[in-house]
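The values are calculated or read from the model by the stated rules, or taken from the named source; none is laboratory data. Keep in mind that this is a model prediction, so the values were computed, not measured. Positions of Cβ are backbone-derived with ideal geometry, glycine not excepted, and every protein chain shown enters the neighbour counts. Note: areas computed on protein heavy atoms with side chains; ligands, DNA, RNA excluded. Shrake-Rupley method; radii C 1.70, N 1.55, O 1.52, S 1.80 Å.
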Amino acid sequence: MSTFDFNNHSHRRYNPLTRSWVLCSPHRTQRPWQGHRESAQIEKRPEYDPTCYLCPGNQRANGENNPSYTSTHSFPNDFAAVKSEQPAMPDTNDDLLRVEGVRGECHVICFSPRHDLTMAEMSVSEITNIVDQWATSYQDLAKKEYIKHVQIFENKGAAMGCSNPHPHGQLWATEQIPEEPQVELESLEQYKKDHNDGCLLCNYVKREQQKSQERIVIENDSFVCIVPFWALWPFETLVLPKEHITSLPKMTKEQRVDLADMLRRVTCRYDNLFECSFPYSMGIHQAPVQGEYDYAHFHLHFYPPLLRSATVRKFLVGFEMLGEPQRDLTPEQAAARLRACSEVHYKHRQVNGYSS
């Protein structure tokens, strides 16, 4: 028998955050691809679009006009998935057909007044305004007694179901903690109990820094971006603070700037990987707004779907849906490819003649 090679032989990796397994099959990258290909995205947008319901001054779906905002702007979602007022649910008392009502609020956060920008093309100071708005919204919603959890996220690109290309994200606040962050919180709490008050993600950051660092993409004074050992999506990354921080409001001014710097650099490397506006879903997991969660550890997930090129994406089908998640590219290979990417945006290189 030959020696086991993580880059060539099938194996499973354990995700301690969700307590689940991922099947890794790196030899499958050699298979020919004759499947579905995405249409190449044309990224020529005006700075201002008079038909866009997110641009400054334009009319939204509810008939109201946006203010002539000049920085980050937040407003209630006109098509909210959850609402603050609704009738109480009847008690069904059925252990098989369980149901419960959900109250909450949904907000849209416009990252920039410019229609043609993405986070990868914004300055650190502009992205710091986004981080500050996230923190302000979190604190404002924490004042509402029935709100228990605030989920901040961004869906970028048509491949991720984004209906409007204007740079924006969303915030959904609910009276229950959603399933995915709840599982992570339970894992973090159990790890603390089992490891003498240790933090799972603090220890994970130290482990990655102490080892070969082959899964670390970039880092700055406060944050590190890692393709996690248990990554599912081909170029999935995890952005983690280097010290224990439970939520956005707990960050110092310097840490917020460093987070903005990390967001710009990560998204720029994504775009440069296949020289396209790289689609992804990005979300923040942090402490719920009510209760004591000292074991919570602030972090961001990036889930991008592209696999081989700008037109070939990863689908979760077949075994992934019926068995367990599976990936073809090892996290180490993905991190190496992201590290090799420039932090000068490909559009700027094309216009200004930068070298790679």
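Annotations for the structure displayed:
- Looking at the chain, the accessible area is 50 square angstrom per residue; that uses a 1.4 Å probe and ignores ligands, DNA and RNA.
- The Rg/Rh ratio for segment 237-337 is 1.03, where Rg is the radius of gyration of the alpha carbons and Rh is the Kirkwood radius.
- Contour minus Cα-Cα distance for residue 93 and residue 6 (0.36 nm per residue): 26.3 nm
- In nm, spacing of pseudo-spin labels at residue 68 and residue 309 (7 Å Cα→C-beta vector): 4.6 nm
- With DNA, RNA and ligands ignored, accessible area of residue 308 (1.4 Å probe; Å², nearest 10): 80 Å²
- Here segment 149-275 exposes an accessible surface that is 44 percent carbon and sulfur, computed with a 1.4 Å probe and the other protein chains kept in place.
- Sites residue 324 and residue 144, calculated FRET efficiency, Cβ-Cβ separation with R0 30 Å, nearest 0.05: 0.20
- Scattering curve values for the chain, log₁₀ I(q)/I(0), Debye with Cα scatterers, q = 0.14 Å⁻¹: -1.34
- Label point of residue 189 set 7 angstrom out along Cα-Cβ; within segment 134-160, amide nitrogens under 19 Å from it belong to 146-151.
- Solvent-accessible area of residue 197 with every protein chain in place, 1.4 Å probe, in Å² to the nearest 10: 120 Å²
- Annotation: residue 266 carries an accessible surface of approximately 10 Å², with a 1.4 Å probe and no ligand, DNA or RNA atoms counted.
- Extension gain from residue 83 to residue 317, taking 0.36 nm per residue of separation minus the Cα-Cα distance: 81.0 nm
- Cross-link partners of residue 83 among lysines (Cα-Cα below 17 Å; sequence separation of 8 or more within a chain): 143, 144, 148
- Hydrophobic, long helices, defined as DSSP H runs whose alpha-carbon span along the helix axis is 30 Å or greater and whose mean Kyte-Doolittle value is at least -0.5, do not occur in the chain.
- Treating r as the C-beta distance of residue 212 and residue 344 and R0 as 35 Å, the FRET efficiency rounds to 0.80.
- Segment 6-28 and segment 63-142 have their alpha-carbon centroids 34 Å apart.
- Reach of residue 347 by Cα under 20 Å, taken over lysines that are not fewer than 8 positions away in the same chain: 44, 156
- Max mean-square fluctuation residue, GNM over the chain, Cα-Cα springs under 10 Å, options 44, 193, 143: 44
- Local charge for residue 187 was computed over the other residues whose Cβ lies under 14 Å away, with Lys and Arg +1 and Asp and Glu -1, and equals -3.
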